[in-house]
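Chemist: Handing you this structure, nothing more for now.
Only the coordinates and a few stated rules stand behind these numbers; no lab work does. Worth saying up front: this structure is predicted, and the values here are computed from it rather than measured. We place every Cβ from the backbone using ideal geometry, glycine too, and count neighbours over all the protein chains shown.
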Amino acid sequence: MTAAWEPAYARRAGRMRASEIRELLKLLEKPGVTSFAGGIPDPALFPIERVKAAYAAVLSDAAAANGALQYSTSEGYAPLREWIAQQMQAQGVPAQPGNILITSGSQQALEFLGKLFLDAGDTALVAAPTYLGALQAFAAYEPRYDTVRPGQGNETPEVLRARASANGGSAKFIYLVPDFANPTGETLTLAARQQALGLATDLDIPIIEDAAYAALRFEGEEQPSLQALSVADGGGLEASRVIYCGTFSKTLTPGLRVGWVCASEAIIRRLVLIKQACDLNSSLINQIIMHRLAEDDFAGQVTRARSHYRRRRDAMLAALAEQALPGVTWTKPEGGLFVWVTLPEHLDGAALLQRAIAEADVAFVPGGAFFTDGSGRNTMRLSYSLASDEQIRAGIAKLGGIIRPLLSGTKKLAE
């Protein structure tokens, strides 16, 4: 058989890897699989009837339909940008529409920011573990990664600068998911947020604040966004070094692919140029529909989502506690969609996944995918967003049944 021809690709193409999470989502097509893998919003929450009504209202009017199906401005639909700016104002960020860019989900925002800031060899400072999608978004621009641990003690700015310089570049930004982080579910304390801002100031670099889950708080004290803290400290949004990435995917629906960036006008202007070169503009009709949905009942939708996912979170924490596996620990998130499980060091999450699928029809994401240095192999991310309470209980029991003999076997060997 003749080998398929392939051209000479750019060097950056070699850094592109398939998402383990996206690949695992294919398992949802297999009947009987209980998936704790992707952090997929529960379709039971989608406002389907309101979406139908919104599309019908737009398309039933010829003039409105013609406009909605046309090209549009790269910045985004003006009424939606105004609505988002008002939401940011309620958080203590004096945003105006000129501070808002609409993107095709917040994932596109991350890719744009990688393109804006990273030259080959530059350093992106990220948490360990961190969101896999961000690492994918940045990868094409050939960065190296270094670790920040807000609230846990960081390397000095001098050390971070020196390591970045030794690689032939410089530290360009800090990327953080401060609220109910993907993958750990953890939230940065106020002190940790202030420490992160202090480090960014010392390094004179921006912070990319990924706020995808910020609206999904179930309990505990709400923390100010990094951008709100920066604005309060620095005298306004135009002086802020924080770039806020928001999305409607976790609250209303991911299918419309509407996210946004809130930042100084200088940064937004540069991102608009990238948007123009990428896809000209996000789907205008989807933006119009999202604006109608948000204006109609955003607060109610958030309230329903919080209640729904809190029950799922409680079910998963109770199921994990019921298993009482020696040496196994997990986070207790105050919101979001994820629980992070740490296994004894001799266990491998990827190997465990293979057994879980083959023997129990249970899927999760091995934690090693979220580390830039190959560590974290004894961890796993469990999402409680999609499985029912009963599926969570049964699925965790099946996982426990696989893990428990591995733990007791180690104990016998030690003896």
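Chemist: Out of Ala124, Ala56, Ala363, any idea which swings most in a Gaussian network model of the chain, alpha carbons joined below 10 Å?
Modeler: Result for the chain, Cα springs under 10 Å: Ala56 fluctuates most.
Chemist: With unit charges on the beta carbon (Lys/Arg positive, Asp/Glu negative), name the residue among Ala351, Leu132, Thr187 whose Cα is farthest towards the positive pole of the charge dipole of the chain.
Modeler: Farthest along the dipole direction, towards plus: Ala351.
Chemist: Give the percent of DSSP beta bridges with both residues in region 116-255 that are antiparallel, rounded to the nearest 5. Can you show the working numbers first?
Modeler: On the way: 0 of 15 bridges.
Of all bridge pairs located within region 116-255, approximately 0 percent are antiparallel.
Chemist: Still on this structure: Compare the Cα positions of Ala109, Thr342, Pro97 along the charge dipole of the chain (+1 at Cβ of Lys, Arg; -1 at Cβ of Asp, Glu; about the Cα centre) and return the one farthest towards the positive end.
Modeler: Final value for the positive-end residue is Thr342.
Chemist: When DSSP assigns beta bridges and you keep just the ones with both residues in the chain, what percent turn out antiparallel, to the nearest 5? Walk me through the numbers before you get to the answer.
Modeler: Numbers: 18 of 35 bridges.
Here the share of antiparallel DSSP bridges comes out near 50 percent.
Chemist: For the pairs Lys172/Lys275; Lys250/Lys398; Lys52/Lys115; Lys52/Lys275, note any where the Cα-Cα span goes beyond 25 Å. It would help to have the intermediate numbers written out before the result.
Modeler: On the way: Lys172/Lys275 21 Å; Lys250/Lys398 28 Å; Lys52/Lys115 36 Å; Lys52/Lys275 29 Å.
Those over the limit are Lys250/Lys398; Lys52/Lys115; Lys52/Lys275.
Chemist: Would you list Tyr55, Tyr9 from fewest to most Cβ contacts within 10 Å?
Modeler: On the way: Tyr55 17, Tyr9 9.
Going from least to most buried by this count: Tyr9, Tyr55.
Chemist: For a footprinting-style exposure proxy, rank Trp5, Trp330, Trp340 by other Cβ within 10 Å, fewest first. Provide the component values of the computation, followed by the final result.
Modeler: Details: Trp5 5, Trp330 20, Trp340 23.
Sorted ascending by nearby Cβ count, the order is Trp5, Trp330, Trp340.
Chemist: Let me ask something else about it. In debye, nearest 20, what is the charge dipole magnitude of region 48-297 about its Cα centre with +1 on Lys and Arg Cβ and -1 on Asp and Glu Cβ, if you could check?
Modeler: Its charge dipole is roughly 440 debye.
Chemist: Determine the distance separating the Cα centre of region 114-142 from the Cα centre of region 272-318; give it in Å without decimals.
Modeler: 24 Å
Chemist: Right, next: Taking 8 Å as the Cα distance limit and 6 or more residues as the minimum spacing, I'd like the relative contact order of region 48-297 as a percentage.
Modeler: Answer for region 48-297 is 27 percent.
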